[in-house]
Amino acid sequence: MRVIQILWGLLFCLKGMGQTAHAAFTHAYLTGGAYSEHFTDAFSFTSNPACLGDGHGLLSGLLAERKWMLKELDLFELSVSGILGKGGWGISIQQSGDADYSEQGLELAYGKDLGRLEMGIRFGYSRNQAAGYPPAGFGSSGIGIRFHLTEKLITGWEIGLPVFGRAGKTNPEKGPEFFRMGLGYEWRADLFLAFQVEKTSGLPVNVIPSLEYRYGEQFFFSFGINSLGGALYFKSGWKKNRLCIQLYTIYEPVLGFSPGLVLLLERKNKKG
């Protein structure tokens, strides 16, 4: 009970921080794999780096998304993770925007296996460039844990803080603080339920329940809700051998659709 009170306290602390924060441009691809043994993909560690402690071999992914059907908001991301000793590493590179305004991001992460508990750290750097203005860079770091409550139930959290970087003089922006917590339950070998809560400074609490179903290890279907924008999320995919192709979209009532394509390649040979 005391742990739960501390976690909720972190959410309210972030809510009360008043300095203007620059939130990095992110994709809408939804994965609860950070809290799963068998539904992990190359992008899972971006939700919680602690999941890298439970190495799943070499995973790579390429994502392309058109935010709200606007070419000017196109986003691309490459993510790769692998085994390193009794843990795992991950790297993610992101590019979004156009010549008028663009953002680039780089994340490095490492996770360590400690039995039923895994711990992870991440370091991130983001850079944004508006036409006619000097670029601004922000550095951040985060730490996460993941705990296996049972064979099917996994929970965890991550907290991230800005390290360096400010933009502007009158009302300077810094990188955002954030807190995430999640719970994943593998109901069956082909059915996974996830519940995630995110709080980023300057934004309301975001609650994200999701469900993913696999049919015959070849077809994938996922449905979720993003409470921040009242958005509905849908994903479907097809897998053949080590290659998986997924199509997804999120629909926000005011802004519309944000479709995306994900290519995943895996070589799963768990660490010894």
Exercise for the section: Work out the charge dipole of the chain with +1 on the Cβ of Lys and Arg and -1 on the Cβ of Asp and Glu about the Cα centre, then indicate which of 26, 150, 263 is farthest towards its positive end. Expected result: 150
Handout entry: Simple Cβ-charge dipole of segment 67-172, Lys/Arg +1 and Asp/Glu -1, about Cα centre, in debye nearest 20
Key = 380 debye
Exercise for the section: Note down the magnitude of the dipole of the chain about its Cα centre, charges +1 on Lys and Arg C-beta and -1 on Asp and Glu C-beta and zero elsewhere, to the nearest 20 debye. Expected result: 520 debye
Practice task
Classify segment 83-164 as rounded, prolate or oblate, taking a ≥ b ≥ c as the square roots of the eigenvalues of its Cα gyration tensor: rounded when a/c is under 1.5, otherwise prolate if a/b is larger than b/c and oblate if not.
Solution key: prolate
Exercise for the section: Would you look at the GNM of the chain, springs on alpha carbons closer than 10 Å, and say which of 131, 34, 42 moves the most? Expected result: 131
Practice task
Below 24 Å Cα-Cα, how many Lys pairs turn up in segment 106-252? Only count pairs eight or more apart in sequence, or on different chains, if you could.
Solution key: 5
Handout entry: Surrounding net charge for residue 219, when Lys and Arg each add one and Asp and Glu each subtract one, Cβ distance under 11 Å
Key = +1
Completion exercise
Quick note on 266, 118, ordering by fewest other C-beta atoms within 10 Å, gives 266, 118
Fill in the blank from the handout: In segment 2-267, taking the dipole from +1 charges on Lys and Arg beta carbons and -1 charges on Asp and Glu beta carbons about the Cα centre, the listed residue (42, 82, 162) farthest towards the positive end is 162
Handout entry: Per-residue ³J(HN,Hα) for segment 251-262, Karplus 6.51 cos²θ - 1.76 cosθ + 1.60, θ = phi - 60°, Hz, x for Gly and Pro
Key = 10, 10, x, 8, 9, x, 8, 10, x, x, 10, 10
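Every number here is computed from the coordinates shown, using simple stated rules; none is lab data. Everything quoted here is computed from the prediction, not taken from an experiment. Note that each Cβ is placed from the backbone with ideal geometry, even for glycine, and that neighbours are counted across all protein chains shown.
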